[in-house]
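Working notes, structure below.
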Amino acid sequence: MQEIKKLPVGVENFEKLRTEGFYYVDKTGILKELLNNWGEVNLFTRPRRFGKSLNMDMLKTFFSYGCDASLFEGLQIAAERELCEKYMGKFPVLSITLKDMDARDFEGAKAALSTIIGREALRFSFLSESGKLTEEQKAQYAQLIRNDTAGRQIFSVSDEALKDALRTLSELLYRHYGQKVILLIDEYDVPLDKAHLFGYYDEMADLLKNLLSRALKSNESIYFSVLTGCLRIAKESIFTGLNNFKIYSISDVRFDEYFGFTEEEVKAMLGYYGLEKYESLIKEWYDGYLIGNTSVYCPWDVINYVDLLRADPDAAPKAFWINTSGNDIIRTFLSMAKQSTRREIEQLIQGETVAKKIREELTYRELYENLDNLWSVLFTTGYLTRREKAEGEIYRLSIPNLEIRRIFTEQVQEWFQKEAKKDVPKLDAFCEAFVRADIETIEKQFNAYLCKTISIRDTAVRKEKKENFYHGILLGLLSHRGDWDIVSNAESGEGYSDILVEIEDKGIGMVIELKYSETEDMEAACREALQQIEKKDYKSRLIEDGMETIFQYGIACRRKKCQVKVLK
């Protein structure tokens, strides 16, 4: 019996994936398209976790001297015999990734870059004794692998040598082999992201501009180069003077199926593991990204969820992406949003589209200058996708799937709680109204809070999901009182109540049940909530805990309105 292949969770090494029994979604077709259409510099921009790093390692494996042809047996590129004979294993390849450059200051960033380039240079240690190089050229190589005698870092490279490092290495390899070099740079924009975050953007932009421009501009040692990143950084920022670019963004139809999983590829994976019945669920949660003209799934999500399903067939979908990508962009977006923008966010969360002008070429300094730029960033980073063919620079944007919708709603709730806590006296008054059973104040204050947040009105969202949203808002507001014992979805009586509150020093307990009213008759929803409290005896736990005064609250919500009823 043939052994079932493992899911490649986090595996970005192509050789390991092919030799250690991992499932591989064949993306080697990118080689044919690239070789038939390459430019001197090829830049692919895609969101995080869409397979960029694995594709880059696959390119490195294919082109590098000593390539093991068996790694590509049975894959799409193996059918292209002429291309394989001409290009497979025929090049020196320089390959670096900048995705781990996460330094908090510029000196740390330079040290990290020195280590990245130093380790890559060590792969070609034979250069130090090459008979094809002059003593001066060997000295240039020695600078790139020089150890730091002070022990601060692994490698110590002078600023000037660092700026010239990729050009130097490519020239030395060309001189040694007599064959031009293929240069691969993965996640080229990560250092700029971190530099902008920690306040050394200008220094990092200057370093990268020198490093990349010297390597890519008029470098006769380079056959061609491939770069990947999340954002398309404006040329004037770090690519000054480069006119030999081919840029393949998420709007470009070229190479559109090679980053992300197509529907056919997901179906094949589910069929292989006998999980066909989850097809529609996976589509709802992880599909919906339009790259060029192709709808694709996020590979990271699909692989993780299929791996989870193999262990637990009852496992619910998760927002795997939120654990791998910082969501600072959404928090910043919400903090800058005015009322009109919040209404647009409501439209997106309820499954509608909004029309926005998109700038795909920005500098990191421009990202947070205004809301228009933030719309562009949300689009290029995968939080939003386009739903219709663009009219010039105007795109119809939407949230791609349920996973990203969950991320948005969770970030909305976090943002709202933070905003509410800025006015402590108002929040104290709201909480105290529950202690006094002052439903007039509760309704007035809760309505005021709801007007400031973003409502969930999507008709496609189930009623209980809407209730969960309002539940989360109220729970966050009440949790302001650190001296109260507050439990969410607590087991009590014959079921689970939404919120139980115990104020031990006063002997006061509260049962709160929320309902989403599908009609304007919110009073009926309040009665339904109170009836559920009584029927399932939710107050029994409070009685057992010695609460002497117990308030039972039935709260109905609809869009940005609420109604409250109480029983003592």
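Points to keep in mind about this one:
- Considering residues of region 351-374 that are part of a loop (DSSP other than H, G, I, E, B) and open to solvent by less than 30 Å² (accessible area, probe 1.4 Å) only, the residue farthest from ASP206 (Cα to Cα): ILE358
- Residue check for VAL377: in contact with a Ser or Thr (Cβ under 8 Å, 6 or more places away or on another chain), open to solvent by less than 30 Å² (accessible area, probe 1.4 Å), of a type in the set (A, V, I, L, M) and part of a helix (DSSP H, G or I): no
- Among residues of region 421-445 that are at pLDDT 95 or above, those with a beta-carbon under 6 Å from a residue that is part of a helix (DSSP H, G or I) and among the hydroxyl-bearing types (Ser, Thr, Tyr) at least six positions away or on a different chain give the pairs ALA433/THR441.
- Residue count for region 212-232 under the criterion of being at pLDDT 90 or above and touching a helix residue (DSSP H, G or I) at 6+ places or on another chain (Cβ under 7 Å): the result is 9.
- Boolean, LEU530 is open to solvent by less than 10 Å² (accessible area, probe 1.4 Å) and of a type outside the set (Asp, Glu): no
- Residue among THR19, THR45 that alone is of a type in the set (Val, Ile, Thr) and at pLDDT below 95: THR45
- Lone qualifier among VAL253, VAL226 - being touching a residue at least 40 places away in the same chain (Cβ under 8 Å) and out of contact with any Phe, Trp or Tyr (no Cβ under 9 Å at 6 or more places or on another chain): VAL253
- Extreme residue, nearest to LEU207 (Cα to Cα), among residues of region 93-113 that are in contact with a helix residue (DSSP H, G or I) (Cβ under 6 Å, 6 or more places away or on another chain) and not aliphatic (A, V, I, L, M): PHE106
- Which listed residue is assigned to a helix (DSSP H, G or I) and of a type in the set (A, V, I, L, M), from ALA437, ALA490, ALA429: ALA429
- Qualifying residue in region 61-77 (condition: within 23 Å of ARG254 (Cβ to Cβ), surrounded by fewer than 21 Cβ atoms within 10 Å (Cβ to Cβ) and out of contact with any helix residue (DSSP H, G or I) (no Cβ under 8 Å at 6 or more places or on another chain)): yes
- With a requirement of 1 or more residues that are within 23 Å of the chain's Cα centre (by Cα), the helices (runs of 4 or more DSSP H) lying completely within region 1-81 that satisfy it span 14-19, 52-63.
The values are calculated or read from the model by the stated rules, or taken from the named source; none is laboratory data. The structure displayed is predicted, hence computed values, not measured ones. Ideal geometry is used to build each Cβ from the backbone, glycine not excepted, and the neighbour counts take in all protein chains shown. With ligands, DNA and RNA removed, areas are computed over all heavy atoms of the protein, side chains included. Shrake-Rupley method; radii C 1.70, N 1.55, O 1.52, S 1.80 Å.
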